[in-house]
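Comments concern the structure below.
The values are calculated or read from the model by the stated rules, or taken from the named source; none is laboratory data. No experiment lies behind these values; they were computed from the predicted model shown. Quick reminder, even Gly has a Cβ in these numbers, built from the backbone with ideal geometry, and neighbours come from all protein chains shown. SASA here: full protein model, heavy atoms, side chains in, ligands and nucleic acids out. Shrake-Rupley method; radii C 1.70, N 1.55, O 1.52, S 1.80 Å.
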Amino acid sequence: MEVDNFVNELQQALNKKQEWYNSVCLQDLLAQYRLMHTCVRTLYENFVKKSLIVPDPYRLDKKISDIIVPETSPFAESDNSKVFGERFSDYETMLDFICTYFRFSMENFTLQKVKKLIDFNNVFDWDNLSTNSAKSNTRALATTVNNAKNGAPNVVQSMINDSVSKCSQATVVINKILNELGVFLRELYKGELRRDVFDHPDFDKSKAAESGEAELAEIKRLYTKVTGKKNFYNDLVNEIIEEDHSPQKEQLRAAVLDRLTIKDSVKTETKKSTGPDTKEMLMQAVLAVGATSPTLTQLHGKLSENFDLLYERKATFFNKLIAALKKALNLKEKERVCMLPIKDAKTGVERIQKIKVLEFLADLSKKEHIYNGIAVKGNEYNKISAAGEDAVLSFVNKQISELQSVFVIMNSLDAYFKNEVQADFRARVKGMQIELSALRNSIINANKKRSEYASFKEETEQMRKLGIADNV
């Protein structure tokens, strides 16, 4: 009966904490990774712009299906631009994968994945960024950061410093969450083992109760049959034995239940009692809009290349002659315009939209800049945060609407390039579906946060009209 009480209490605590991880903690973890990705992307673009690293021309075409930790082995300083450039590029690409495709749910986390993420976070020591670091990657990053700031305008230096600082802060938070998650996953493994093996009809409970050795023998006898190919962790199984047979078993069990306590539960309940801050809810929608910045930057790069291919002409004698005459006569290039067929998703009706290429790309650049400033909580974010709630909502509505239009245009352009680029150049057309899928998910997320805000405001207003207290 004593064991049953502990097991029941244990399973309830595990279920409660698993729900908390899914609904709160893992979402915080994802937000920290998104912030870090935005900052790393900002640094990467600055390094490339100043030719401090050699960009990998195939980086956007790499197929990633799992977390891969970039190389950390030593390398010569003379290879900084190439070797560090490749590693930092891989690091940014992996952050993009984590933010876009990795599922932040307990079903997807294992002890091995947590270890991989911690190893990934340690590729660069953001908290001790020094040119004298014993780690080659960190030393190269510190050197490159210093070179990027050298001679740069104050605003660029400030942006680089801010990005490095936020990466350092985010890494500390991420590692704390991951280390605590690792502890929880160990307890979850033990709890699932008790549930699946101990409750199996073939498990001899009376024999297991005789001694620790007998219990271990029973676990090993049924382990593969019950769990299949699931890893057998000797140290965790030994902890179960200790919790059931050690003279200090009561203290050990109490320690397990204490580790499963949700430490900020009081804070969460207090927040619930007063109701959420509506302005903060709305700012979460603003941050969700800002999170589209890295994806828009990737799409911008591919669009530019594809537009160049669209207007590139085969190097025939006639085309060369025309180009030479234009140059000799100092004639301006004709404005790049494309008549883009766009099909309405609901009605299926096709319409033609005139796209002025340079104007479209310039507008995209402005969006990237604003959204990046939001994501790193820079000047753009502060300006929006200082505005009234109605003005912030108006901004969110406008941006989501414009992003939806941009998505429709880019999605249509993806098909347009594949059909309209000259046959000789089609193999060089950059596909955009992966980035478009990420953009669609980001827009959906921003829309969801806006809807949550709108629903809460509407519900609060109805409660007020009914004479019910405001602090619902």
Per the 1/(1 + (r/R0)^6) rule, R0 = 56 Å and r from the Cβ atoms of TYR223 and GLU312, FRET efficiency to 0.05 is 0.35
Expressed in nanometres to one decimal, the distance between label points 7 Å along Cα→Cβ at ARG259 and LYS448 is 3.1
The relative contact order of the stretch 136-268, taking Cα pairs under 8 Å that sit 6 or more residues apart, comes to a percentage of 17
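How much area per residue is accessible in the stretch 369-472 when the probe is 1.4 Å and only protein heavy atoms are counted (Å²)? Don't skip to the answer; put the middle values down first.
Numbers: 5750 Å² over 104 residues.
I get 55 Å² per residue for this part.
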Both in Å, the radius of gyration and Dmax of the C-alpha trace of the stretch 36-177 are 15.0, 49
FRET efficiency (ARG426, LYS343; Cβ distance; R0 22 Å; to 0.05) is 0.55
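Using the Kirkwood radius over C-alpha pairs as Rh, can you work out the diffusion coefficient of the chain via Stokes-Einstein at 20 °C, viscosity 1.002 mPa s, in µm² per second?
Details: Rh = 26.5 Å.
The Stokes-Einstein estimate is 81 µm²/s.
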Heavy-atom accessible area with a 1.4 angstrom probe orders TRP20, TRP126, most exposed first, as TRP20, TRP126
With label points set 7 Å from each Cα along the Cα-to-Cβ direction at GLN12 and SER51, the distance between them in nm comes to 6.9
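Just to verify a number: FRET efficiency for LEU111 and ARG195, C-beta to C-beta distance, R0 = 25 Å, to 0.05? Mind showing how you got there, number by number?
Details: r = 18 Å, r/R0 = 0.71.
Calculated value: 0.90.
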Among ASN419, LEU436, SER163, the residue whose Cα sits farthest towards the positive end of the charge dipole of the chain, when +1 is placed on the Cβ of each Lys and Arg and -1 on the Cβ of each Asp and Glu, is ASN419
To the nearest 20 debye, the stretch 71-113 has a Cα-centred charge dipole, built from +1 on Lys and Arg Cβ and -1 on Asp and Glu Cβ, of 200
Packing-ranked peptide list from 296-305, 352-361, highest mean Cβ count within 10 angstrom first, is 296-305, 352-361
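Once Rh is set to the Kirkwood radius over Cα pairs, what Stokes-Einstein translational diffusion coefficient, in µm²/s, holds for the stretch 1-107 at a temperature of 25 °C and a viscosity of 0.890 mPa s?
146
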Of every Cα-Cα pair in the stretch 149-280, the percentage lying beyond 21 Å is 62
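Relative contact order of the chain, please, whole-number percent, based on alpha carbon pairs below 8 angstrom and at least 6 residues apart.
On the way: 431 pairs, mean separation 79.7, N = 472.
Computed over the chain, the figure is 17 percent.
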With the charge dipole of the chain built from beta-carbon charges (+1 for Lys and Arg, -1 for Asp and Glu) about the Cα centre, the Cα from LEU14, TYR371, VAL226 projecting farthest to the positive end belongs to TYR371
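Suppose every K and R has +1 on its Cβ and every D and E has -1 on its Cβ; what is the size of the dipole of the chain about the Cα centre, in Debye to the nearest 20?
Values: 69 positive and 66 negative charges, 500 e Å.
With only Lys, Arg, Asp and Glu charged at Cβ, the dipole is about 2400 debye.
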So the carbon and sulfur contribution to the accessible area of the chain, 1.4 Å probe, in percent, is 52
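If each DSSP helix of 4+ residues adds -39,500 (n - 2.57) and the sum is divided by the residues in the chain, what number results at 222 nm, nearest 500 deg cm²/dmol?
So the calculated ellipticity at 222 nm is -22500 deg cm²/dmol.
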Surrounding charge for VAL376, neighbours by C-beta under 11 angstrom, Lys/Arg +1, Asp/Glu -1, total +2
In the stretch 199-244, the chymotrypsin sites (Phe, Trp or Tyr not before Pro) that sit in a DSSP loop and have at most 15 other Cβ atoms within 10 Å of their own Cβ are PHE232, TYR233
Placing each pseudo-label 7 Å from Cα in the direction of the beta carbon, ASN419 and ASN441 end up separated by a distance in nanometres of 2.9
Cα extents of the stretch 64-112 per principal axis, largest first, Å, are 44, 21, 12
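Expressed as a rounded percentage, what relative contact order does the stretch 35-148 have, with Cα pairs under 8 Å and six or more residues apart?
Values: 100 pairs, mean separation 39.5, N = 114.
Dividing the mean separation by the residue count of the stretch 35-148 yields 35 percent.
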Taking the square root of 5λ for each eigenvalue of the C-alpha gyration tensor of the stretch 401-440, the equivalent ellipsoid has semi-axes, largest first and in whole angstrom, of 22, 11, 5
With the 1.4 Å probe rolled over protein heavy atoms, the stretch 1-154 has an accessible area per residue in Å² of 50
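With respect to the cross-link table entries LYS50/LYS82; LYS17/LYS176; LYS166/LYS377; LYS166/LYS279; LYS63/LYS377; LYS49/LYS149, which display a Cα-Cα separation exceeding 19 Å? Before the final figure, lay out the partial values.
On the way: LYS50/LYS82 14 Å; LYS17/LYS176 16 Å; LYS166/LYS377 10 Å; LYS166/LYS279 23 Å; LYS63/LYS377 31 Å; LYS49/LYS149 12 Å.
Flagged as over cut-off: LYS166/LYS279; LYS63/LYS377.
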